[in-house]
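Colleague: What follows is a single structure, and I will ask about it in a moment.
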Amino acid sequence: MKRDLAIAEIVRHRTNEIIVAAYHAAFDLLRVQPNPLNFLSFGSMGLASSHGLGLALGRPDRRVLVFDGDGSLLMNLGTLVTIAEAAPPNLAHFVFENGTYEANGAVPTPGRGVVSFAGFARAAGFRNVHEFSDLAVLKAGIGAVLAAPGPTFVTLHVVPGDPSPVDFDLIHGAAVRKAFKEALKNS
């Protein structure tokens with residue numbers, strides 16, 4: 001399934017959730033659904049899950065969705081145990097698995113095709129764990145996944161979709177951070 005189409009299906013259900021998106025998922029999210037509650041992360045490989053956990057604990061009144069890459073999560077697997085231990089019911093962690101460090105030239109990840117991110121999450125103690133590789137199945141099941149109390153972990157087996165504009169000035173700019181802070185403060 002294409003990553004941008006999977007993102008579009010997930011955000012179709014969005015109400016007021018905070019979305020922490022890393023790397024190419026961040027650029028896809030910007031194209032699919034720009035929103036001041038998008039916390040965009042590029043250049044902080046491995047930290048999307050930690051950022052999401054902090055936001056979920058700091059804002060227990062808001063659902064937090066993390067859009068992470070498999071290469072990014074490999075840089076910080078220990079966060080799965082920390083998330084499961086903290087057990088925030090408002091956190092859902094989506095990992096877009098394509099077997100590459102896409103942001104670094106699509107270099108294959110270690111364990112590509114062998115490791116199971118859903119298996120890692122189960123072993124860490126996540127309450128709800130799901131895997132999707134077909135867009136029609138994701139469409140049929142995403143509502144129930146998002147409605148369940150977390151922490152939730154979802155592996156999405158993806159390929160890149162339509163190219164999204166890569167605008168580093170935008171995602172690293174002060175205006176995006178200011179809009180995010182104001183959206184959190186005013187909601």
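Colleague: Where residues in region 34-47 are among the aliphatic types (A, V, I, L, M) and in contact with a Leu (Cβ under 8 Å, 6 or more places away or on another chain), which of them is surrounded by the most Cβ atoms within 10 Å (Cβ to Cβ)? Full working, then the answer.
Modeller: Pass one, region 34-47, residues among the aliphatic types (A, V, I, L, M): 37, 40, 45, 47.
In the following step, the residues that additionally are in contact with a Leu (Cβ under 8 Å, 6 or more places away or on another chain) were identified as 37, 40.
Working: L37: 20, L40: 23.
The extreme case among them is L40.
Colleague: While we're here: Among the residues of region 53-86, which ones are within 11 Å of the chain's Cα centre (by Cα) and either surrounded by fewer than 15 Cβ atoms within 10 Å (Cβ to Cβ) or farther than 18 Å from A147 by Cα (or both)?
Modeller: D68, G69, D70, S72, L73, listed by residue number.
Colleague: For A148, are the conditions met, namely being within 19 Å of H13 (Cβ to Cβ) and without any contact (Cβ under 8 Å) to a residue 24 or more places away in the chain?
Modeller: So A148 passes the test.
Colleague: Quick check on region 107-124: of everything there that is modelled with pLDDT of 90 or more and surrounded by fewer than 19 Cβ atoms within 10 Å (Cβ to Cβ), which residue is nearest to G150 (Cα to Cα)?
Modeller: R122
Colleague: Please work out which residue is farthest from V159 (Cα to Cα), limiting yourself to region 87-122 and to residues that are assigned to a helix (DSSP H, G or I) and free of Cβ contacts under 8 Å to residues at least 40 places away in the same chain.
Modeller: Result: R122.
Colleague: Within region 18-48, track down each residue that is assigned to a helix (DSSP H, G or I) and of a type in the set (G, A, S).
Modeller: Matches in region 18-48: A25, A26, A48.
Colleague: Taking T15, is it farther than 19 Å from S187 by Cα, surrounded by fewer than 20 Cβ atoms within 10 Å (Cβ to Cβ), modelled with pLDDT under 95 and among the polar types (S, T, N, Q)?
Modeller: No.
Colleague: Separate question: Taking region 138-169 as the region of interest, how many residues are surrounded by fewer than 18 Cβ atoms within 10 Å (Cβ to Cβ), in contact with a strand residue (DSSP E or B) (Cβ under 8 Å, 6 or more places away or on another chain) and part of a helix (DSSP H, G or I)?
Modeller: So the answer is 1.
The values are calculated or read from the model by the stated rules, or taken from the named source; none is laboratory data. Everything numeric in this text was worked out from a predicted model, so none of it was measured. Heads up, the Cβs are rebuilt from the backbone with ideal geometry, glycines too, and the neighbour counts pull from every protein chain shown.
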